[in-house]
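The next block holds one structure in the form of structure tokens; read it before the comments.
The values are calculated or read from the model by the stated rules, or taken from the named source; none is laboratory data. Owing to the predicted nature of the structure, the values given are computational and were not obtained by experimental measurement. Cβ: placed from backbone, ideal geometry, glycine included. Neighbour counts: every protein chain shown. For the accessible areas, the whole protein counts, side chains as well, though only heavy atoms, and no ligand, DNA or RNA atoms are used. Shrake-Rupley method; radii C 1.70, N 1.55, O 1.52, S 1.80 Å.
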Amino acid sequence: MEVPVLCFRLLIRVFILLGVQSDDAAFRIVPNRLQLFEFESVSFHCDGLSGSVQLRGIRNTKDFICDINGTSKVSCTIQRVYLTDSGEYWCETDGGQRSNSVNITITVGSVILESPVVPVMEGDCVTLRCRNKTTSSCLTADFYKNGLFMRSSPTGEITIHSVSKSDEGLYKCNISDVGESPESRLTVRALDRETCPSTDHSFYVLLLLRTVFTIVMVALLLLLVGLLHCGKLRVTQK
């Protein structure tokens, strides 16, 4: 009776450890940007949430709710976005667990600024791109922070190396004879060992580590069961 009891206790500990690591919820957007052209399609993904999940939003002071139930990876798609879809969005469970929120801006113009969807960590490299709706060719663009001119780029993008809190602010871009993008906020989180980065890269690293951890724990558990079983057979043969 000792072998099954021991295995059961070990299995319970594995599930507890896995449960502790899955508390963080990640909110992703496809395409991965805060600004969208009108009539584009956008999908919101809620990862790490289980049970009854809702995609919630506040747009033009009106509530938006998309119900998704029963899976740990859920999404909700708006096939064609309009100006009235601009606003704040997040994922939330009926138990009160909530993801980070993002502010989406829809524009009828011809230029948007591609910037990080989630806050970046101090020391990261951040690329801002000025995108033209009608062409994928590189066009010279002017970049602005908090309404003040920063610099021009013949490639239509600039990179901020090793960002710091002083780089936080509202950014926009302008392409001559084409138009100006809306503003989007760049948020920088202070580097803290106790704070987990919220970038997409760190999220996938976390998923990889959790998968490896699960495989190793299950392998060790099976090995232990096999050793205990062999030991029991030897005792029986004697």
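Figures for the structure shown
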{"item": "Using a Förster distance of 41 Å, the FRET efficiency for D167-I215 (Cβ separation, nearest 0.05)", "result": "0.55"}
{"item": "Amide H partners (placed H, <5 Å) of T187, local residues excluded", "result": "V120"}
{"item": "Sum of side-chain charges, D167 neighbourhood, beta-carbon under 14 Å (Lys, Arg +1; Asp, Glu -1)", "result": "+2"}
{"item": "Difference of contour (0.36 nm per residue) and Cα-Cα distance, S110 to L191", "result": "25.5 nm"}
{"item": "Fraction in percent of alpha-carbon pairs per bin - 5 Å, segment 96-135", "result": "6, 16, 21, 20, 16, 12, 7, 2, 1"}
{"item": "Fully extended contour minus Cα-Cα distance, from C138 to E38, at 0.36 nm per residue", "result": "33.8 nm"}
{"item": "With all protein chains modelled, accessible area of F27 [1.4 Å, Å²]", "result": "10 Å²"}
